[in-house]
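These notes are about the structure you will find just below.
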Amino acid sequence: MNSGLGASVPSAVAVGLVVLATVLIGAYGQRLSRTTGDFLVASRMVGPTWNAAAISGEYLSAASFLGVAALIVQFGADALWYPIGFTAGYLALLLFVAAPLRRSGAYTVPDFAQIRWGSLRLRRLATVVVLVIVWLYLVPQLHGAGLLLQYLVGVPRWVGVVGVALVVTASVVAGGMRSITFVQAFQYWLKLSAVAVPVVVMIALLRGDAFSALDTPWAAPGLGFGGGAALPEVYSVVIATFLGTMGLPHVLVRFYTNSGGGAARRTTVQVITLLVVFYFCTVLLGLISRSAGADPAGGDLVILGVPARALDGSAATAGTVLAAMIAAGAVAAFLSASSGLLVAAAGVISTDVLPGRVRDFRVAAVLGVLVPVAVALGAGGTDIVRVVGMAFGLAASTFCPLLVLGIWWRGVTVAGAAAGMLCGGGLALGAVTAGIVLGDRAGRWSWLLEQPAVISVPVAFAVMIGVSLATRRTVRPEVDAVLARLHLPGTLHHR
Amino acid sequence: MLSPRRSVTPTTRRSCVSSETDVSGRSETDFEHLQATPEFARLRRALRRFVFPMTVAFLAWYLLYVLLTAYARDFVSTKVFGSVNVGFLLGWGQFVTTFGIAILYSRYADRKLDPQAEQIREEAGEHR
């Protein structure tokens with residue numbers, strides 16, 4: 001992986017420019033941030049277009065930017081499963097939770113738990129789950145950033161981990177949600193350009209050779225993901241990404257920045273559009289990389305070396321510039337996803353653990369980044385898409401049933417909600433832990449330990465429904481009022 | 001770390017939640033009464049009539065793709081034009097349908113659901 005192909009001065013300069021732009025935009029937004037409302041939900045003043053770009057900006061982490069293309073190189077057409085799931089997840093979010101959740105008036109999942117069930121203990125359980133998901137998601141971002149900077153600039157890995165953590169924490173502490181919104185919207189367009197321009201240029205320069213990989217058996221769907229376990233693993237990935245998106249804290253917290261239920265719907269449709277455009281370019285980049293002879297086992301950073309490999313001789317300069325663009329996009333991906341996750345973590349820590357003032361939000365942001373930095377520093381080699389997949393699996397096994405059943409079925413009790421989240425989350429985390437402990441000894445079941453959603457999600461739903469039915473006497477009478485509230489437009493005179 | 005003294009909805013947190021979005025028992029509209037009205041039941045039905053069939057249709061189409069790529073490899077490997085095969089087009093079809101359903105739902109909600117729901121709210125307002 002560390003072939004040094006991408007290590008070049010232009011790439012290092014491009015990375016520096018992205019960090020500088022991030023800090024400057026964040027500083028500009030900071031002047032607009034005063035109140036707690038600014039910090040937590042950007043005062044609900046973000047229009048759907050900005051919001052959609054910001055959501056896509058933070059959602060398209062390095063797992064999407066580098067990881068999807070790397071998977072296409074490795075598995076061919078089968079790897080389409082990941083971007084399809086990542087995109088379709090917003091469809092589930094749109095159909096089941098976007099508008100009702102926004103109308104609930106809550107702005108974190110713990111808030112929702114409290115409004116819907118009126119239970120402080122359930123609220124705290126939700127807080128713990130939020131933090132675990134955020135940390136599980138942050139670790140691969142920081143870890144990947146360390147590897148990327150090591151590859152590009154040659155600094156030790158911890159420098160990248162700590163550096164990215166510092167930049168992200170500084171911008172979150174300074175401006176909160178409001179300034180992060182501008183930063184992330186900018187980073188979406190940056191990332192799209194960083195994929196689209198290289199794709200267009202390489203297609204133009206390589207002509208027919210750009211997609212020669214499509215002619216090999218590798219491009220036939222159904223052969224990837226390691227043969228025998230292919231089908232169940234695909235199901236598991238589909239379930240985790242389709243249902244996990246709606247439970248991701250950093251995505252959800254962004255939805256509360258919408259001005260109302262209708263705006264939440266419009267935002268979602270735009271997010272899906274932006275994601276489809278982005279993944280289209282990413283998949284093409286993966287195909288071109290494969291055609292250019294990129295190493296299928298090269299890992300997440302394989303894409304960075306592609307322009308230099310594909311374009312040589314007279315086009316070598318173009319290759320260097322394109323490599324720098326891709327490097328810039330990758331850094332933007334690490335920064336935007338990490339800052340979104342940190343805002344989500346700081347939001348729940350400051351309101352659930354601290355008194356919830358602006359100063360608490362800042363303290364919470366610092367507290368929130370310490371754990372993932374420590375873990376990322378200790379972590380060995382990881383595959384970004386797969387670790388991020390674990391966060392999706394955990395979200396799908398806990399918050400998905402909580403939100404879907406909580407919004408659509410009046411019969412969910414506090415005991416049912418807690419039992420469902422504990423069983424689903426316990427299974428998801430337990431499987432991942434077992435996978436790490438067992439390592440290669442897991443043998444043919446290793447896919448299930450890595451992607452437990454196919455079992456943990458149905459179990460979470462079943463336990464939540466079963467326990468709720470068994471304790472049905474504890475359904476609060478106020479639940480009718482709450483549900484009516486969720487399914488009617490938030491305010492009469494809003495538009 | 002959690003202080004038991006802290007009230008259920010601290011005022012600091014309240015400050016950025018407008019009173020209109022308050023869903024506690026003290027809200028302005030009589031939601032309990034609303035929930036029981038036939039109009040509200042009709043709204044919920046209209047919502048379900050779209051959401052549930054669409055979800056089932058999408059998942060079925062998703063499943064079809066998985067099954068085809070797993071068990072009909074010759075079919076999905078058929079070249080359509082140039083090097084592009086059926087499997088690839090089906091995969092991109094998943095993206096297109098995701099987008100299509102999102103647009104359809106958004107329009108359905110704007111045209112059908114929101115007017116119904118606002119009418120219910122308005123009538124509920126007059127009842128008070």
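When all alpha carbon pairs of the stretch A:97-252 are counted in 10 Å bins from zero, the resulting P(r) reads 8, 19, 30, 27, 12, 3, 0 %. Computed from label points 7 Å out along Cα-Cβ, the spacing between B:Gln119 and A:Thr433 is 5.5 nm.
For A:Arg359 and B:Asp74, the FRET efficiency from 1/(1 + (r/R0)^6), where r spans their Cβ atoms and R0 equals 60 Å, is about 0.40.
Seen from a random direction on average, the alpha-carbon convex hull of the protein assembly as shown projects onto 26.3 square nanometres. Distance from the C-alpha centroid of the stretch A:135-204 to that of the stretch A:252-282: 20 Å, rounded to the whole angstrom. Distance from the alpha carbon centroid of the stretch A:454-488 to that of the stretch A:343-411 works out to 23 angstrom. D by Stokes-Einstein for the stretch B:30-123, Kirkwood Rh over Cα pairs, 4 °C, 1.567 mPa s: 80 µm²/s. Rounded to the nearest 20 debye, the dipole magnitude of chain A is 1720 debye, with +1 charges on Lys and Arg beta carbons, -1 on Asp and Glu beta carbons, and the Cα centre as origin. Computed from Cα atoms, the angle from the helix A:9-30 axis to the main principal axis of chain A rounds to 30 degrees. With all projection directions averaged, the alpha carbon convex hull of the stretch A:336-462 covers 9.7 nm². Normalising by residue count, the stretch A:104-172 has a Cα convex hull of 95 Å³ per residue.
Modelled spin labels at A:Arg207 and A:Trp409, positioned 7 Å past Cα toward Cβ, are 6.1 nm from each other. Would you work out what percent of the accessible area of the stretch B:30-123, with all protein chains in place, is carbon or sulfur (probe 1.4 Å)? The computed percentage sits at 64.
The angle between the Cα long axis of helix A:120-153 and the longest principal axis of the Cα atoms of chain A comes to about 10 degrees, rounded to the nearest 10. Simple spin-label estimate for B:Leu89 and A:Trp158 gives 5.6 nm between the two label positions (7 Å along the Cα-to-Cβ direction from each Cα). Pairing chain A with chain B buries about 6400 Å² of accessible area. This figure sums both sides and uses a 1.4 Å probe. Computed from Cα atoms, the angle from the helix A:316-352 axis to the main principal axis of chain A rounds to 20 degrees. Relative contact order for chain A: 29 percent, from Cα pairs under 8 Å spaced at least 6 residues apart, divided by residue count.
For the stretch A:368-483, the relative contact order is 36 percent, taking Cα pairs closer than 8 Å that sit 6 or more residues apart in sequence and dividing their mean separation by the residue count. Solvent-accessible area of A:Leu449, all protein chains in place: 40 Å² (probe radius 1.4 Å, heavy atoms, ligands and nucleic acids excluded).
The values are calculated or read from the model by the stated rules, or taken from the named source; none is laboratory data. These numbers were taken from a predicted model, which means no experiment stands behind them. Cβ sites come from the backbone with ideal geometry, for glycine too, and all protein chains shown count toward neighbours. Note: areas computed on protein heavy atoms with side chains; ligands, DNA, RNA excluded. Shrake-Rupley method; radii C 1.70, N 1.55, O 1.52, S 1.80 Å.
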